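Accompanying notes for the structure given below.
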Amino acid sequence: MTVVYLSLGSNMGDKLAYLKQAIQRLSQLPKTRFVKASSFFQTAAWGKTDQDDFINAVVQLDTDLEAIELLYQCQEIEKDLDRVRHEHWGPRTIDIDILLYGEATYHSPELIVPHPYMMERAFVLVPLAELTEDFVIPTTGQTILEVLAQISHDDVVKI
């Protein structure tokens with residue numbers, strides 16, 4: 001099985017309920033075992049900042065799904081939880097991103113792993129470090145904790 005880390009975020013409606021439903025659904029994926037989830041963190045919106053704050057978390061799964069299959073499963077969960085893609089980085093009920101898929105790297109029109117923005121996003125790195133601070137990012141050779149030390153993360157608040 002491959003160890004994968006997924007980032008989850010919500011900034012619409014009952015944010016915690018959406019996150020908990022997504023985690024529940026992820027724990028039921030075929031050929032997959034739920035390992036653990038980080039704490040929940042409140043953060044300001046990133047990219048498009050004129051919207052409500054997010055609640056974010058990271059989950060660790062072990063899976064025998066191929067990376068692209070996992071992506072499709074995550075997108076199906078998003079759809080089932082009323083995710084609508086109106087605008088880039090716009091508000092959403094749930095967002096599920098594949099951060100790391102073992103030590104593999106992928107670059108296709110549908111999927112880039114490691115996630116292309118994870119190194120800049122404290123709202124991803126803080127909960128990820130809670131689960132695996134010593135994981136070495138395949139494209140940089142740095143641990144999660146080393147990358148986190150290079151960016152500001154004071155505005156990522158555990159709830």
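The values are calculated or read from the model by the stated rules, or taken from the named source; none is laboratory data. Since the structure is predicted, the reported quantities are computational estimates derived from the model, not experimental observations. Methodologically, a virtual Cβ is constructed for each residue, glycine included, from the backbone with ideal geometry; neighbour enumeration extends over all protein chains shown. Heavy atoms of the whole protein, side chains included, go into the accessibility calculation; ligands, DNA and RNA do not. Shrake-Rupley method; radii C 1.70, N 1.55, O 1.52, S 1.80 Å.
Brief remarks follow.
- Residues being farther than 11 Å from residue 41 by Cβ and either open to solvent by 70 Å² or more (accessible area, probe 1.4 Å) or touching a Leu at 6+ places or on another chain (Cβ under 8 Å) (or both) - total across the range 139-159: 11
- Within the range 1-30, residues that are touching a residue at least 40 places away in the same chain (Cβ under 8 Å) and farther than 26 Å from residue 138 by Cα sit with their Cβ atoms under 9 Å from residues that are among the small types (Gly, Ala, Ser) and part of a helix (DSSP H, G or I), at 6+ positions apart or across chains, in these pairs: 10/17; 10/22.
- The single condition from (1) modelled with pLDDT of 95 or more; (2) within 15 Å of residue 12 (Cβ to Cβ); (3) β-branched (Val, Ile, Thr) that residue 63 fails is (2).
- Residue match in the range 137-152 (condition: within 16 Å of residue 9 (Cβ to Cβ) and modelled with pLDDT of 90 or more): no
- Tally of residues being in a loop (DSSP other than H, G, I, E, B), among the hydroxyl-bearing types (Ser, Thr, Tyr) and farther than 22 Å from residue 54 by Cβ across the range 122-158: 2
- Residues of the range 96-120 that turn out to be over 18 Å from residue 63 (Cβ atoms) and open to solvent by less than 20 Å² (accessible area, probe 1.4 Å), as a count: 1
- Any hit, the range 32-47, residues being part of a loop (DSSP other than H, G, I, E, B), at pLDDT 95 or above and on the phi > 0 side of the Ramachandran plot: no
- Leading residue by the ranking (nearest to residue 119 (Cα to Cα)) among those in the range 1-38 that are open to solvent by 30 Å² or more (accessible area, probe 1.4 Å) and in contact with a helix residue (DSSP H, G or I) (Cβ under 7 Å, 6 or more places away or on another chain): 37
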